[in-house]
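Colleague: One structure, as structure tokens, below. Some questions next.
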Amino acid sequence: MHYNTMKRPFSINIILLLFIFILQNSCTTKAPQVLYSNYSISKTILKDSNSIKLIEPYKTQLGKSLKEVIGFSANGLFTRKGESAIGNYMADAIKTMAEKRFNTKVTAAFINSGGIRSYLPKGEITVEQIFDIMPFDNLIILQEVNGKTLLDFLNHAAEKGGWPVSKGLTYSIKEGKLLTAEIDGNPIDENAIYTIVNSDYVVNGGDNTKMLNKIPKKNINYLVRDAIIDYTKWLTQTGKTIDTKIENRIKDVK
């Protein structure tokens, strides 16, 4: 009995051998070894003159920008638990500038008390001092919420002792619970829709503000700090000083 056998073409054999060679090498190739060392940073390390020359122009420019005088504080603004003069100022700032940047009417703006990290002294105010009170790169987020959600948020703020709010909204608390809440003298309607602004930290659930996290967010990449700087410049351009006071926006009922 004869069998008709066919030989593989020479070129196919070569291709198969190359394939086996590549496969074997790819399976046995080891990852490159990474070497590293720990270095202590101290005064004994010599300065790199080339790096200093590279950084110096930017350092000089940044220093000039931070020292720029942008406003004047009539009395100095300080922080405290609940309503504070500096909290009112910051909340008014982000409400005013959010209306301009988002091109819409804003019902209220809030400031997380824990985010206020310094004070503004009496006298000239520089960009650097705004960085001191708001060192974080938090963004302004705009949301439309119903009255029930807004009341839940205010109750959460009440549990924290009250968070500063912009002019127009007032609320009262007793023993960490929300008692009343009004906008321009009218009680908040649970079924009405309100436009509010917060920092992205708060909106994304920071400090357990879970009631806002799933509500649609509008973000134009506008920093809270930049809004305060712009607001301060705007006051100066309109001939006004920083003169925010305690206005009983938050009433702590004993």
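The values are calculated or read from the model by the stated rules, or taken from the named source; none is laboratory data. Bear in mind the structure is a predicted one, so any value in this text is a computation, not a measurement. Here the Cβ is made from the backbone with ideal geometry for all residues, glycine too, and neighbour counts use every protein chain on show.
Colleague: Across segment 173-200, which residue is farthest from the chain's Cα centre (by Cα) among those that are surrounded by fewer than 19 Cβ atoms within 10 Å (Cβ to Cβ), in contact (Cβ under 8 Å) with a residue 24 or more places away in the chain and over 18 Å from Lys148 (Cβ atoms)?
Modeller: Lys174
Colleague: If Thr238 meets every condition in (1) in contact (Cβ under 8 Å) with a residue 24 or more places away in the chain; (2) of a type in the set (Val, Ile, Thr); (3) surrounded by fewer than 12 Cβ atoms within 10 Å (Cβ to Cβ) apart from one, which number is that one?
Modeller: (1)
Colleague: Return only the number of the condition from (1) surrounded by fewer than 18 Cβ atoms within 10 Å (Cβ to Cβ); (2) in contact with a Lys or Arg (Cβ under 8 Å, 6 or more places away or on another chain) that Lys218 does not satisfy.
Modeller: Every listed condition holds for Lys218 apart from (2).
Colleague: Kindly indicate which of Glu190, Glu159 is touching a Gly at 6+ places or on another chain (Cβ under 8 Å), among the acidic types (Asp, Glu), modelled with pLDDT of 95 or more and more than 25 Å from Lys218 (Cβ to Cβ).
Modeller: Glu159
Colleague: While we're on this one: Of the residues Gln129, Gln143, which single one is over 30 Å from Lys67 (Cβ atoms) and within 20 Å of the chain's Cα centre (by Cα)?
Modeller: Testing whether each residue is over 30 Å from Lys67 (Cβ atoms) and within 20 Å of the chain's Cα centre (by Cα) leaves just Gln143.
Colleague: Which condition breaks for Asn50 when tested against (1) surrounded by 11 or more Cβ atoms within 10 Å (Cβ to Cβ); (2) part of a helix (DSSP H, G or I); (3) of a type in the set (S, T, N, Q)?
Modeller: (1)
Colleague: (1) outside any helix (DSSP H, G or I); (2) more than 37 Å from the chain's Cα centre (by Cα); (3) of a type in the set (Val, Ile, Thr); (4) modelled with pLDDT under 70: which one isn't true of Thr44, the others all being true?
Modeller: The single condition Thr44 does not satisfy is (4).
Colleague: Here is a follow-up. Looking only at segment 57-92, which residues are at pLDDT 70 or above and charged (D, E, K, R)?
Modeller: Residues satisfying the conditions are Lys64, Lys67, Glu68, Arg80, Lys81, Glu83, Asp92.
Colleague: Test each condition in (1) under 17 Å from Thr232 (Cβ atoms); (2) surrounded by fewer than 23 Cβ atoms within 10 Å (Cβ to Cβ) for Ile140 and report the one that comes out false.
Modeller: For Ile140, the exception is condition (2).
Colleague: Which of the residues belonging to segment 64-80 are out of contact with any helix residue (DSSP H, G or I) (no Cβ under 9 Å at 6 or more places or on another chain) and without any contact (Cβ under 8 Å) to a residue 40 or more places away in the chain?
Modeller: Answer for segment 64-80, where residues must be out of contact with any helix residue (DSSP H, G or I) (no Cβ under 9 Å at 6 or more places or on another chain) and without any contact (Cβ under 8 Å) to a residue 40 or more places away in the chain: just Lys64.
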